[in-house]
Amino acid sequence: MFNKSVLVNVGSHFDPARSIFLAPRKGVYSFSFHVVKVYNRQTIQVSLVLNGWPVISAFAGDQDVTREAATNAGLVTMERGDKAYLKLERGNLMGGWKYSTFSGFLVFPL
């Protein structure tokens with residue numbers, strides 16, 4: 001699904017093979033994402049998914065531009081072992097996810 005290029009992965013809690021972040025401990029985590037659609041005359045919807053449930057979403061649907069980003073960020077409480085990942089809920093990404101980013105980090109432990 002994702003380009004497997006990982007810039008920083010302290011602790012190796014992001015699994016690039018499955019594109020999933022696995023929480024190493026209970027705490028409040030910050031996530032942000034920017035998903036770019038290119039030359040695509042349709043709406044996309046992308047969600048940050050926590051343990052199978054979408055928690056925040058973003059849309060990109062302008063029909064008159066060649067590049068547009070669906071972007072969002074938020075804080076979530078996670079238990080140790082919880083999984084977070086991005087899911088394309090609507091539309092498709094011509095050329096894949098190669099212009100997109102996904103970031104997450106522990107803000108503070110609980």
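The values are calculated or read from the model by the stated rules, or taken from the named source; none is laboratory data. Quantities reported herein were computed from a predicted structural model and do not represent experimental measurements. Note that each Cβ is placed from the backbone with ideal geometry, even for glycine, and that neighbours are counted across all protein chains shown.
Across region 69-110, what is the number of residues that are of a type in the set (Gly, Ala, Ser), surrounded by fewer than 15 Cβ atoms within 10 Å (Cβ to Cβ) and at pLDDT below 95?
Of region 69-110, the ones of a type in the set (Gly, Ala, Ser) are 69-70, 73-74, 81, 84, 91, 95-96, 100, 103-104.
Checking which are surrounded by fewer than 15 Cβ atoms within 10 Å (Cβ to Cβ) leaves us with 73-74, 81, 95-96, 103.
Checking the rest, the ones that are also at pLDDT below 95 come to 95-96, 103.
Within region 69-110, residues that are of a type in the set (Gly, Ala, Ser), surrounded by fewer than 15 Cβ atoms within 10 Å (Cβ to Cβ) and at pLDDT below 95 number 3.
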Restricting attention to region 87-98, the residues that are under 13 Å from ALA69 (Cβ atoms) and in contact with a Leu (Cβ under 9 Å, 6 or more places away or on another chain) number exactly 1
Given (1) touching a Ser or Thr at 6+ places or on another chain (Cβ under 6 Å); (2) loosely packed, with under 14 Cβ neighbours inside 10 Å, GLY61 misses just (2)
Log entry, pairs with first residue in region 14-36 being at negative phi, second being among the β-branched types (Val, Ile, Thr) and in a loop (DSSP other than H, G, I, E, B), beta carbons closer than 7 Å, six or more apart or on different chains, reads PHE14/VAL6; PRO16/VAL6
Pairs returned, first residue in region 78-91 that is on the phi > 0 side of the Ramachandran plot, second residue that is at pLDDT 95 or above and not in a strand (DSSP E or B), beta-carbon separation under 7 angstrom, 6 or more apart or interchain, are GLY81/ALA23
Taking region 77-102 and keeping only residues that are of a type in the set (Gly, Ala, Ser) and closer than 20 Å to VAL6 by Cα, one is left with ALA84, GLY95, GLY96, SER100
Residues in region 71-110 that are more than 10 Å from ALA23 (Cβ to Cβ), outside any loop (DSSP other than H, G, I, E, B) and charged (D, E, K, R) total 3
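Is it the case that some residue within region 56-68 is touching a residue at least 12 places away in the same chain (Cβ under 8 Å), closer than 20 Å to VAL8 by Cα and either within 12 Å of the chain's Cα centre (by Cα) or part of a strand (DSSP E or B) (or both)? Please lay out each step first, then the result.
Of all residues in region 56-68, those touching a residue at least 12 places away in the same chain (Cβ under 8 Å) come to 56-61, 63, 66-68.
Keeping just the survivors that are closer than 20 Å to VAL8 by Cα gives none.
Within region 56-68, none of the residues are touching a residue at least 12 places away in the same chain (Cβ under 8 Å), closer than 20 Å to VAL8 by Cα and either within 12 Å of the chain's Cα centre (by Cα) or part of a strand (DSSP E or B) (or both).
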